[in-house]
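The values are calculated or read from the model by the stated rules, or taken from the named source; none is laboratory data. Just so you know, these numbers come straight off a predicted model, no measurement behind them. Cβ placement follows ideal geometry from the backbone for every residue including glycine, while neighbour counts extend to all protein chains displayed.
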Amino acid sequence: MSILQYDFMVRALLGAVFTGLAAPAVGTYLVQRRLALMGDGIGHIAVTGVALGLLTGASPTITAVAVAVAGAVLLEVIREKGRTSGDVALALLFYGGIAGGVLITGLAGQGALTLNSYLFGSITTISSGDVWATVGLAVVVIVLAVGLSPQLFAVAQDHEFAKVAGLNVRFYNLLVSVMAAVTVTVAMRTVGLLLVSALMVVPVATSQQLTRGFRTTLLLSMVLGTVASLGGVTISAYLPVAPGATIVLLALAGFLAAWPVGMLMRRRVRLSAPFSPSDLHRDHTVAREDHEHEHGDDCGHPAVQHGDHVDYVHDGHRHVPHGSHYDEH
Amino acid sequence: MSEPGSIIEIRDGAVSLGGRPVLRGIDLVIGPGEVVVVLGANGSGKSTLVRTMMGLVPARRGEVTLFGEPVSRFRDWKRVGFVPQRTSAAGGLPASVWEIVASGRLSRRSPLRPMRTPDRAAIGTAIEAVGLADKAKHGVSTLSDGQQQRVLIARALAGEPDLFVLDEPTAGVDLQSQQAFADAVGLLARRGATIVLVAHELGPMAELIGRTVVMRDGRVAYDGTPVATAHEVEHHHGHHHRDLNKHGSDYLPTVSAPIGGPANPERRS
């Protein structure tokens, strides 16, 4: 008893693995540039591309890639030229894309049902040609996203520094946009255009809870994306649920599980972060007279470096031993 | 034509940002091994001056050269280390100290090639030079402001530059970090690097400075032997620009609305 004996399941799982790897890899750079919703914008634009394919009889995947890349480049140009209206420009393309798609689909004599398989994915109906296209494009995206990660990281982190380091900032920004557009259309058949952005962003948000370096964030988010998309497809093989939605809900469940852990980790780091030594010479304030507790290495209160000594964090106060009493710092 | 051997040269430079003139009539030649500090009030154009030197802001007129080459055509960026002005080294995602400092090495690496031993050595040395060796694997967002600023300085150091340009590296930085920073700059200066530094106050760096440029209202108001503060220049050179004394160090140009009447009521006799 194995789902692998069905060809369409093998194709679906292959598609799921590669989308699961590629989407968070690109999504990492979008999140780092605080453009988490860009994938969503491109997804909306791609609807018009799909509709154009339906109208002209060309492959909807190819027209979707073309229109999505054009839209992503346009978004990047608008973002670079006019910083203030960036999110408005995004909104305009969002709605223009989806309205255009619905209109053109109607002209092509197709109903909303045809569009549905692109909007919400239909991973089990992927043809073998589609699978190889998905795998090929995803491999290119993964190789670029991981191989160029030092450059892409530097550009997204601090574009002025990157420019003075001799990197072609505009080229790398455009590259991320084009990779995002390709990923959106690749993932269109797996999770669907409306949910693809979730697979780009949610695994990154999850992995960010647990990591403190960029590279580990990138790699962990790719692992999480793969687990979610494989899990989603497998579950939908046994239960009457839509694979795309299951994938996204699994990814979200991962975030919900990681979030409290991240909260705890950040709280511990914050508690032990040193206080700035710049206010060392403040007034001398004695702690409450009935302070009977004796602070020490194992007293249970976090000991935090403060300039040349250690403060004990005690009920929101910072206590320092001073002769027979404690000072407030 | 640029002067032979100059590191940075601006001839008759003027810069506008969004149509508003910010720098005017800038003539500045910085030679090899000089340690220059740029002082001035907020809005005097000192930050724009160094950003123009780095080619981040285009000059509206005049000529800007780096190592004798027009900055727009300059390609040898591994010779330049830049510390931009900013409040935080943290971005939208976690990044470790080591990773941020490693991006300072990109001017010497080709894309898609693995990092070599000299790269790793330079990154380690740079992190040590700013006294953060024990925090190399920590996330930057967990560091104090002063430590984050030191990370950005280490990033510029990692490229082993001949020219080091820093935009307000010590603003809001604690004394310990200022000292660590002054040590790193001193080390570079002794190696013969050229250093251009924008600052509000010099602190422990004062003894390293060989030349001071004071910016006022988009022009070079003073260029010569070191002075401690922009304020000092105002007093020594009061005859040049009396209005500066009247307005104090935070000089703001008085601008009046076209129909709102004159901004300066004294003129209404």
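Side notes on the structure shown:
- Checking the stated criteria, A:Ala99 turns out not to satisfy the condition of being farther than 30 Å from B:Glu99 by Cβ, at pLDDT below 90 and small (Gly, Ala, Ser).
- Scanning segment B:136-177 for residues that are more than 17 Å from A:Val164 (Cβ to Cβ), buried (at least 18 other Cβ atoms within 10 Å of the Cβ) and within 11 Å of chain A (Cβ to nearest Cβ) returns B:His138, B:Gly139, B:Val140, B:Thr142, B:Leu143, B:Ser144, B:Gly146, B:Gln147, B:Val173, B:Asp174, B:Gln176, B:Ser177.
- Checking A:Ser117, A:Ser149, A:Ser127 one by one, the residue that is surrounded by fewer than 16 Cβ atoms within 10 Å (Cβ to Cβ) and hydroxyl-bearing (Ser, Thr, Tyr) is A:Ser127 and no other.
- Among (1) more than 26 Å from A:Val17 (Cβ to Cβ); (2) surrounded by 21 or more Cβ atoms within 10 Å (Cβ to Cβ), the one test that A:Ser272 misses: (2)
- Within segment A:6-23, residues that are charged (D, E, K, R) sit with their Cβ atoms under 9 Å from residues that are outside any helix (DSSP H, G or I), at 6+ positions apart or across chains, in these pairs: A:Arg11/A:Ile126; A:Arg11/A:Ser127.
- Any pair with Cβ under 9 angstrom, 6 or more apart, that starts in segment A:51-73 at a residue that is of a type in the set (Asp, Glu) and ends at one that is surrounded by fewer than 21 Cβ atoms within 10 Å (Cβ to Cβ): none
- Only a single criterion out of (1) in contact with a Pro (Cβ under 8 Å, 6 or more places away or on another chain); (2) among the small types (Gly, Ala, Ser); (3) within 22 Å of A:Val169 (Cβ to Cβ) is not satisfied by B:Gly92, namely (1).
- Here is the figure for segment A:23-50: residues that are in contact with a helix residue (DSSP H, G or I) (Cβ under 6 Å, 6 or more places away or on another chain) and under 20 Å from A:Val155 (Cα atoms) total 14.
- Taken over segment A:18-63, residues that are closer than 17 Å to A:Leu195 by Cα and within 22 Å of the chain's Cα centre (by Cα) amount to 26.
- Qualifying residue in segment A:12-20 (condition: within 14 Å of another protein chain (Cβ to nearest Cβ) and hydroxyl-bearing (Ser, Thr, Tyr)): no
- First in segment A:316-329 and free of Cβ contacts under 8 Å to residues at least 40 places away in the same chain and aliphatic (A, V, I, L, M), second anywhere and in a strand (DSSP E or B) and buried (at least 16 other Cβ atoms within 10 Å of the Cβ), Cβ under 7 Å, 6 or more apart: A:Val320/A:Asp311; A:Val320/A:Tyr326; A:Val320/A:Asp327
- Residue within segment A:45-63 that is under 24 Å from A:Gly147 (Cβ atoms) and surrounded by fewer than 19 Cβ atoms within 10 Å (Cβ to Cβ) present: no
- Residue within segment A:93-114 that is under 24 Å from the mean Cα position of the chain (by Cα), within 14 Å of another protein chain (Cβ to nearest Cβ) and either buried (at least 18 other Cβ atoms within 10 Å of the Cβ) or in a helix (DSSP H, G or I) (or both) present: no
- Of all residues in segment B:54-73, those that are farther than 16 Å from A:Lys163 by Cβ have Cβ atoms under 9 Å from Cβ atoms of residues that are among the aromatic types (Phe, Trp, Tyr), 6 or more apart or on another chain, in B:Thr65/B:Phe74; B:Phe67/B:Phe74.
- There is no residue in segment B:182-194 that is under 27 Å from A:Leu271 (Cβ atoms) and hydrophobic (A, V, I, L, M, F, W, C).
- Helices (runs of 4 or more DSSP H) wholly inside segment A:144-211 that include at least 2 residues being in contact (Cβ under 8 Å) with a residue 60 or more places away in the chain and at the interface with chain B (Cβ under 9 Å from one of its Cβ atoms): A:149-157, A:196-210
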